[in-house]
1. Is there any pair linking a residue in segment 143-163 that is more than 12 Å from Val108 (Cα to Cα) to one that is of a type in the set (A, V, I, L, M) and open to solvent by 80 Å² or more (accessible area, probe 1.4 Å), with Cβ under 7 Å and at least six apart or on different chains, and which?
2. Quick check on segment 3-25. Is at least one of its residues within 23 Å of Met124 (Cβ to Cβ) and assigned to a helix (DSSP H, G or I)?
3. Please find, within segment 28-50, the residue that is most open to solvent (accessible area, probe 1.4 Å) out of those that are without any contact (Cβ under 8 Å) to a residue 12 or more places away in the chain and assigned to a helix (DSSP H, G or I).
4. Which residue is farthest from the chain's Cα centre (by Cα), if the candidates are limited to segment 51-85 and must be of a type in the set (Ser, Thr, Tyr) and surrounded by fewer than 16 Cβ atoms within 10 Å (Cβ to Cβ)?
5. Check Val108, Val88 and return the single one that is touching a Cys at 6+ places or on another chain (Cβ under 8 Å) and open to solvent by less than 70 Å² (accessible area, probe 1.4 Å).
6. One residue is enough: does segment 119-142 have a residue meeting the conditions surrounded by 15 or more Cβ atoms within 10 Å (Cβ to Cβ) and among the small types (Gly, Ala, Ser)?
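The values are calculated or read from the model by the stated rules, or taken from the named source; none is laboratory data. Since the structure is predicted, the reported quantities are computational estimates derived from the model, not experimental observations. For neighbour counting, all protein chains shown are included, and Cβ atoms are generated from backbone atoms with ideal geometry for every residue, glycine included. The accessibility values were calculated without ligands, DNA or RNA, using every heavy atom of the protein model including side chains. Shrake-Rupley method; radii C 1.70, N 1.55, O 1.52, S 1.80 Å.
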Amino acid sequence: MNVKCIAIDFDYTIAHFGDPAEKGLFDIFRRRGIDESIIAKVYEDVVKRGFSIDRFRQEIKACDPKSDLSDTVVIQQEFDTWLKNALVLYEDALPALEHWRKLGIPIVLVTAGVSEHQRRKITMVGISYDDIHVVSPPNRKSEVLEQLVGKYGSPVIFIDDKIEDLQETQK
């Protein structure tokens with residue numbers, strides 16, 4: 001099989017959090033006196049719509065108007081420090097990416113979320129790729145895959161940890 005392109009998801013396919021959000025990320029807001037239940041609820045809601053630290057901070061503030069979260073630069077710095085230390089490549093990710101690169105197969109990251117946040121995470125882990133597509137609802141990864149087939153030809157191999165995203169490509 002002459003693979004024309006590898007399209008691969010980022011979160012929980014190439015990298016994961018070695019330090020879970022419920023620990024390090026939540027600590028940023030616990031230190032500011034935010035109730036654990038508010039942090040957890042807002043996190044769950046924000047992740048469903050696409051996480052960014054700004055969105056998370058703003059929605060916590062909306063749920064707890066008395067909280068002082070005005071130190072946005074410091075919160076961003078603490079978040080970046082946590083993210084840099086927490087984000088870990090799966091042990092087989094880099095060898096696989098390097099192998100495909102040696103074979104001359106284009107590697108396209110197809111990830112979902114808030115573009116700036118996703119791109120920041122990808123930059124932090126320092127992997128090599130040919131292109132990146134960040135999908136935000138209502139757009140679907142399957143739409144990007146159709147574009148990749150148009151650009152590179154078929155077959156395009158798609159690797160993702162979410163069964164629903166994989167199933168959608170079969171429709």
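1. That search, which allows pairs on different chains as well, returns Pro155/Met1.
2. So far as segment 3-25 goes, yes, one or more of its residues are within 23 Å of Met124 (Cβ to Cβ) and assigned to a helix (DSSP H, G or I).
3. Looking at residues that are without any contact (Cβ under 8 Å) to a residue 12 or more places away in the chain and assigned to a helix (DSSP H, G or I), I get Lys48.
4. Ser70
5. Residue meeting the stated conditions: Val108.
6. Yes, segment 119-142 contains at least one residue that is surrounded by 15 or more Cβ atoms within 10 Å (Cβ to Cβ) and among the small types (Gly, Ala, Ser).
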